[in-house]
Amino acid sequence: MLPASALPLLAAAALYVATPPAQDAPAEIDLTALAASVTAPVAVAPEQDLPQNVEVTVQRNDTLDRIFRSVGIDDATLAELRTLPDVRKALDILRPGDIIMFTHVDGVLQSLNRRISETLTLSVSRGEDGFAVEFIENPLEIEVAGARARIETSLFDAGRDAGMSAQTVLVLANEVFGWDVDFANDIQAGDEFSALYQRKFQDGAYVSDGRVLAAEFVNRGKTLRAVWFESADGAVKGYYTPDGKGMRKAFLRVPIDFARVSSGFNPKRRHPITGQVRAHRGIDFAAPTGTPIYAAGDGRIEFAGRKGGYGNAVVINHGKGITTLYAHMSRFGKASRSGRSVRQGQIIGYVGSTGASTGPHLHYEYRVKGVHKNPANIALPNTEIPSNYRAEFRSQAEVALAQLELANGAPGRRLADNR
Ligand SMILES: [Zn+2]
């Protein structure tokens, strides 16, 4: 299916990460120096005269004033730093987990370093005439990796064993295949998936996985494929089928966080009840009380309140005679007021066990003109690549799919260590 002319290009594009992240070389031990230090100890200067390096990890609700005080640097220094060009902005945003490095001599600040973003570091150092400010770029090296996974026990285990991060697996489930595959109920042992995705490195060390560029999911023998497309002008972007149909559709298959659904995956045997449209004409998703429930599609809240055996229930009208119903909620989301419009994925309530329910679960119904339907069997209309972007889409998709094909040819191949 590959044009032969595309092959040399593919060979040139490094598909696999060949070198593991750099490791520190073992330090050489100089025995003569060691012996010298034992026989002739060097006088140690008084501790307060030596530069002290202090690394502070920002905690929730930390303030700069408090951090500076904890290091032993006075408010006047902080005030001085804040007057420096661009430093105030770069210092004032504190996120829990951020690291600030201080070097001071007896409370007199010598230098301060903090990472502002994944790619930029602020560096302030004391010079002859006050502080000098530098913004240092930390370039990311982005490599493209391919991996194929086979599900034995769970989606996440399979992804991890193939070298993918949990984040990449979540992207596959939520942003690429979430409209076609019921990840709560329909995943089974033997399902396979592959992904072509970016891996970010900095100074030779793995940082995180980046964008998923192409992916394949084989669910119960049915193969789905998708590619990421972003037009040069940025006007069109998203995941599309190889023939240019949007992966995002009008209705979510699982209107709840699939990872918290307990009844879903059984490696040995499919759950006999869940995932089926039962006599009571809904789909049940067993999940802990408090699990967020999402609007399956854009629409208007038609009802939010107590509704007999449904307990706390929400009905959304999506137009064209389509309504969805969500039952047994422990409580409602902020958006759940009659007449309000909601967007797909917005939280409309939380799992509970109100009404005629034996345990916490979401009971979900999908109706067309009042008639119950199994949303799994509904052909959902999807968006398409606009005609003026098709040529651009085709050339991008061809490269990505060909690279994915290479990833498929190396099942279970481990990439560079990413832990
Ligand atoms: Zn039910």
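Coordinate-derived values only; no laboratory data. What you see is a predicted model; the values in this text were computed from it and never measured. Note: ideal-geometry Cβ built from the backbone for every residue, glycine included; neighbour counts use all protein chains shown.
Values as computed for the structure displayed
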quantity: Peptide ranges 226-233, 55-62 listed from the most packed, as the mean C-beta count within 10 angstrom indicates; calculated: 226-233, 55-62
quantity: Sequence-distant lysines (8 or more away, or on other chains) whose Cα lies within less than 21 Å of LYS320; calculated: LYS249, LYS369, LYS373
quantity: Ordering of 248-260, 139-151 by burial proxy (mean other Cβ atoms within 10 Å per residue, highest first); calculated: 248-260, 139-151
quantity: Rel. contact order, % - alpha carbon contacts under 8 angstrom, at least six apart, segment 54-137; calculated: 26 percent
quantity: Label point distance in nm, ASN374-ILE142, each placed 7 Å from Cα along Cα→Cβ; calculated: 4.1 nm
quantity: Debye intensity ratio I(q)/I(0), log10, segment 54-137, q values 0.20, 0.25, 0.26, 0.27 Å⁻¹ (C-alpha model); calculated: -0.91, -1.50, -1.63, -1.75
quantity: Dipole magnitude of segment 278-341 about its Cα centre (Cβ charges: Lys, Arg +1; Asp, Glu -1), debye to nearest 20; calculated: 160 debye
quantity: Contour excess over end-to-end distance, with Cα ends at ALA356 and ARG115 and 0.36 nm allotted per residue; calculated: 81.4 nm
quantity: Computed lengthening from LEU50 to ASP65, 0.36 nm per intervening residue step minus Cα-Cα distance; calculated: 3.0 nm
